[in-house]
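Asker: Just passing along the structure, written as structure tokens.
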Amino acid sequence: MPVRTISTQPYADQKPGTSGLRKRVAHFQQPHYLENFVQAIFDSLEPARRNTLLLGGDGRYFNDEAIQTILRLAVGNGFRRILVGQHGYLSTPAASLLIRRYQLDGGIILSASHNPGGPDGDFGVKFNTHSGGPAPEKVTARIHQRASSLTQYRIAEMEPVPLQDCHSWQVADSRIEVIDSVQDYADLMQELFDFELIRQRFAEGQLHIAYDAMHAITGPYAREIFVNRLGAAQASLLNAAPKPDFGEAHPDPNLAHARQLQAIMNQSSGAPDLGAASDGDGDRNMILGQGFFVTPSDSLAVLAANAQQVPGYREGIVGVARSMPTSRAVDRVAAQLGVACYETPTGWKFFGNLLDDGRITFCGEESFGTGSAHIREKDGLWAVLFWLNLLAVRRESVAEIVMAHWREYGRDYYTRHDYENLDSRIAEQLVADLQAQLTSLPGRNINGFVITSADNFCYKDPVDGSLSEHQGLRIIFGEQARIVVRLSGTGTEGATLRLYVEQYEPPEGELIEPTERFLQPLLAVSETLLPICHKTGRVGPDVIT
Ligand code: VG1
Ligand code: CO
């Protein structure tokens, strides 16, 4: 079987962002574009780590074609063993698990996560290392550098590999194995959570769930876990068949996009006890109770406080981490438990070293990402199962559990405002203007909010000492409040500005104010410091989460 070396020109824009390389589908379809980037990934690996590979994606448009191209590249580059998800499907958490379980050198995950799919939507390529986690910055920098000077790639001439059935083939020196990841993943979940108890509660009719797979990757996993193993009704699953265009919807589990699920959870009677949804590649989760929304920051704090209620975490937790813009709710739990709490830049890759080094058990992001040391990615279904297990043990509602948490620790009211597709120059200027004022801000009192510190977040990884600078502006009002602003690193058009606002109310407070009302005064302070609406002409954010 011939391997051809193809001459190519480098593309200047192959710089991975917060989570891999994301572009419009048409951008990826340019001649040699995908091939170049994948060759750059392979070239950036050390020879000893260029033998075994995992490959799969979230099933979005262009997944099939890209998988066949990458298989030819992997064979052309002499990988000895290549594992591919059946139908080309792998959720991001399942991919992380398989890399670890089969001790592979790494994996390529095809996904643009929660971004819309279809011919006019987005596509993405992520590389995860042998630890199962997203490539750290030093690796993505190497990939980018290599892609910027690439002049050729190696590709095998071979027929497309059928991916419908689990099967294996020997092609030249490479063994290609098509595998079903659902069983391995469901087995791990069964080790961590009390399936017996949840099954019993479902059978008694005491517990009900509505799970929305949003036409994306988690449908088959959810069917195996909730229906086959736990005995939930078929009707508990919504949109559980993966579609290349995600049913023309936006596979983003939040209040702006998971409308169908929200309507079910807001019914005045007969709503299920737990409503949950995941994103395109299955690493995000949204948790709803009856007429009740749990912010991802609170969810992380509640799980940390209740770890010992769940079999996999019976022994307690060693530490926690949250991304910088995530609220400080989990910090309060860590303080009470007497365990370490780390603040990292946005993006799951920054949790990798802390997890590998055994410093943390749980970690999470405000962007609907929660996870633990069981793998090296955030894990949507894991979080849903954790909540389900908690409901089964405590026999309380989601709202009761969260209320009890606030009564003990106080509440961090939290909101994120996204301004999408802004003119990049205007967005960058806005941030630069605030940056320029940072040193003069401490001590300033704006409408009763006193700034105690202000900086551009810089993270020094405590394990390898690496520095990550310019990770977002923080305006801190002591223990009372925080305003954070940063530019997104996952968008494919213009600039997206994210404004994160949080304010603490101690346990003795009301604790049940509507979030936007409670945060109104602080949002006004924010517009004074960072005049987004004034400078962009927008009347408000595009998405509020
Ligand atoms: C966003 C989120 C971030 C998350 C990233 C990837 O990044 O804010 O918390 O890690 O998406 O999530 P940004 O740079 O646009 O703010 V996913 O589900 O793509 O894998
Ligand atoms: Co995702």
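The values are calculated or read from the model by the stated rules, or taken from the named source; none is laboratory data. Model, not experiment: these values are computed from the prediction. Glycine gets a Cβ as well: all are built from the backbone with ideal geometry, and neighbour counts include every protein chain shown. Just the protein is used for accessible areas: all its heavy atoms, side chains included, with ligands, DNA and RNA removed. Shrake-Rupley method; radii C 1.70, N 1.55, O 1.52, S 1.80 Å.
Asker: Could you pull out the residue among Arg332, Arg284, Arg314 that is among the basic types (Lys, Arg) and within 16 Å of ligand 1 (Cβ to nearest atom)? Before the answer, list the steps.
Answerer: On the way: Arg332 fails: within 16 Å of ligand 1 (Cβ to nearest atom); Arg314 fails: within 16 Å of ligand 1 (Cβ to nearest atom).
The match here is Arg284.
Asker: Report the residue count in the stretch 361-415 for those that are more than 22 Å from Phe193 (Cβ to Cβ) and of a type in the set (Ser, Thr, Tyr).
Answerer: 5
Residues are listed down the side, and each one gets a yes or a no for (1) in contact with a strand residue (DSSP E or B) (Cβ under 6 Å, 6 or more places away or on another chain); (2) aliphatic (A, V, I, L, M); (3) open to solvent by less than 10 Å² (accessible area, probe 1.4 Å):
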| site | (1), (2), (3) |
| --- | --- |
| Glu400 | no, no, no |
| Ala404 | no, yes, no |
| Val431 | no, yes, no |
| Arg444 | no, no, no |
| Gly448 | no, no, no |
| Asn456 | yes, no, no |
| Asp464 | no, no, no |
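Asker: Here's a follow-up. Could you pull out the residue among Leu150, Leu163 that is more than 24 Å from Ile217 (Cβ to Cβ), of a type outside the set (S, T, N, Q) and assigned by TED's automatic domain parsing to the domain that holds Ile99? Quick ask: steps written out before the conclusion?
Answerer: Values: Leu163 fails: more than 24 Å from Ile217 (Cβ to Cβ).
Just one listed residue meets the conditions, Leu150.
Asker: OK, next. Does Gly282 meet the test of being within 20 Å of the chain's Cα centre (by Cα), modelled with pLDDT of 95 or more and closer than 21 Å to Val125 by Cα?
Answerer: Numbers: within 20 Å of the chain's Cα centre (by Cα): yes; modelled with pLDDT of 95 or more: yes; closer than 21 Å to Val125 by Cα: yes.
Against the criterion (within 20 Å of the chain's Cα centre (by Cα), modelled with pLDDT of 95 or more and closer than 21 Å to Val125 by Cα), Gly282 qualifies.
Asker: When residues of the stretch 296-321 are filtered for being open to solvent by 10 Å² or more (accessible area, probe 1.4 Å) and within 20 Å of the chain's Cα centre (by Cα), how many remain?
Answerer: Summing the residues that are open to solvent by 10 Å² or more (accessible area, probe 1.4 Å) and within 20 Å of the chain's Cα centre (by Cα) in the stretch 296-321 gives 1.
Asker: I'm trying to understand the selection: among the residues of the stretch 466-485, which are within 22 Å of the chain's Cα centre (by Cα), over 13 Å from Leu523 (Cα atoms) and open to solvent by less than 30 Å² (accessible area, probe 1.4 Å)?
Answerer: If the condition is that a residue be within 22 Å of the chain's Cα centre (by Cα), over 13 Å from Leu523 (Cα atoms) and open to solvent by less than 30 Å² (accessible area, probe 1.4 Å), then Ser468, Gly472, Leu473 are the ones that fit.
Asker: Okay, next question. I'd like to check something: does the stretch 370-386 contain any residue that is small (Gly, Ala, Ser), within 16 Å of ligand 1 (Cβ to nearest atom) and either outside the structural domain of Arg199 (by TED's automatic domain parsing) or over 14 Å from the mean Cα position of the chain (by Cα) (or both)?
Answerer: Among the residues of the stretch 370-386, not one is small (Gly, Ala, Ser), within 16 Å of ligand 1 (Cβ to nearest atom) and either outside the structural domain of Arg199 (by TED's automatic domain parsing) or over 14 Å from the mean Cα position of the chain (by Cα) (or both), which makes the answer no.
Asker: So which residues in the stretch 261-284 are within 16 Å of ligand 2 (Cβ to nearest atom) and open to solvent by less than 10 Å² (accessible area, probe 1.4 Å), if there are any at all?
Answerer: As a first pass, look at the stretch 261-284 and keep what is within 16 Å of ligand 2 (Cβ to nearest atom): 276-284.
Residues satisfying the conditions are Ala276, Ala277, Ser278, Asp279, Gly280, Asp281, Gly282, Asp283.
Asker: If you don't mind, another one. Just a yes or no: is a residue in the stretch 76-83 within 14 Å of ligand 1 (Cβ to nearest atom) and not assigned by TED's automatic domain parsing to the domain that holds Lys243? Before the answer, list the steps.
Answerer: We begin by selecting, within the stretch 76-83, every residue within 14 Å of ligand 1 (Cβ to nearest atom); these are none.
Within the stretch 76-83, none of the residues are within 14 Å of ligand 1 (Cβ to nearest atom) and not assigned by TED's automatic domain parsing to the domain that holds Lys243.
Asker: Ok, one more. Please count how many residues of the stretch 110-152 are in a strand (DSSP E or B) and either closer than 17 Å to Glu46 by Cα or under 23 Å from the mean Cα position of the chain (by Cα) (or both). Explain how you work it out, then say what you get.
Answerer: Taking the stretch 110-152 first, the residues in a strand (DSSP E or B) are 110, 122-129, 134, 152.
Within this subset, residues satisfying the condition of being either closer than 17 Å to Glu46 by Cα or under 23 Å from the mean Cα position of the chain (by Cα) (or both) are 110, 122-129, 134.
Looking only at that region, the number is 10.
Asker: Consider only pairs whose beta carbons are under 7 Å apart and that are at least six residues apart or on different chains; among these, list those whose first residue lies in the stretch 313-332 and is aromatic (Phe, Trp, Tyr) and whose second residue is open to solvent by less than 20 Å² (accessible area, probe 1.4 Å).
Answerer: Close Cβ pairs (under 7 Å, with a partner that is open to solvent by less than 20 Å² (accessible area, probe 1.4 Å)) amount to Tyr313/Ala307; Tyr313/Thr361.
Asker: Just a yes or no: is a residue in the stretch 33-55 under 14 Å from Phe123 (Cβ atoms), of a type outside the set (Lys, Arg) and modelled with pLDDT under 95?
Answerer: No: zero hits.
Asker: Counting only residues that are over 18 Å from His417 (Cβ atoms), touching a residue at least 24 places away in the same chain (Cβ under 8 Å), away from ligand 2 (no atom under 16 Å from the Cβ) and not aromatic (Phe, Trp, Tyr), how many does the stretch 449-503 have?
Answerer: Result for the stretch 449-503: 15.
Asker: Follow-up. Residues being surrounded by fewer than 24 Cβ atoms within 10 Å (Cβ to Cβ), in contact (Cβ under 8 Å) with a residue 60 or more places away in the chain and hydrophobic (A, V, I, L, M, F, W, C): count how many of those fall in the stretch 39-61.
Answerer: 1
Asker: While we're on this one: Do we have Ala277 as within 23 Å of the chain's Cα centre (by Cα), at pLDDT 95 or above, of a type in the set (A, V, I, L, M) and assigned by TED's automatic domain parsing to the domain that holds Ala329 here?
Answerer: yes
Rundown of residues vs (1) open to solvent by 10 Å² or more (accessible area, probe 1.4 Å); (2) modelled with pLDDT of 95 or more; (3) not assigned by TED's automatic domain parsing to the domain that holds Tyr89, yes/no style:
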residue	(1), (2), (3)
Glu196	yes, yes, yes
Tyr211	no, yes, yes
Arg229	yes, yes, yes
Leu238	yes, yes, yes
Ala241	yes, no, yes
Pro244	yes, no, yes
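Asker: Here's another thing I want to ask about it. Give the stretch 231-256 a look and list any residue that's without any contact (Cβ under 8 Å) to a residue 60 or more places away in the chain and assigned to a loop (DSSP other than H, G, I, E, B), or say none. Can you show your working first?
Answerer: At the first step, the residues of the stretch 231-256 found to be without any contact (Cβ under 8 Å) to a residue 60 or more places away in the chain are 231-241, 247.
Gly231, Ala232, Ala233, Asn239, Ala240, Ala241 - these are the residues of the stretch 231-256 that are without any contact (Cβ under 8 Å) to a residue 60 or more places away in the chain and assigned to a loop (DSSP other than H, G, I, E, B).
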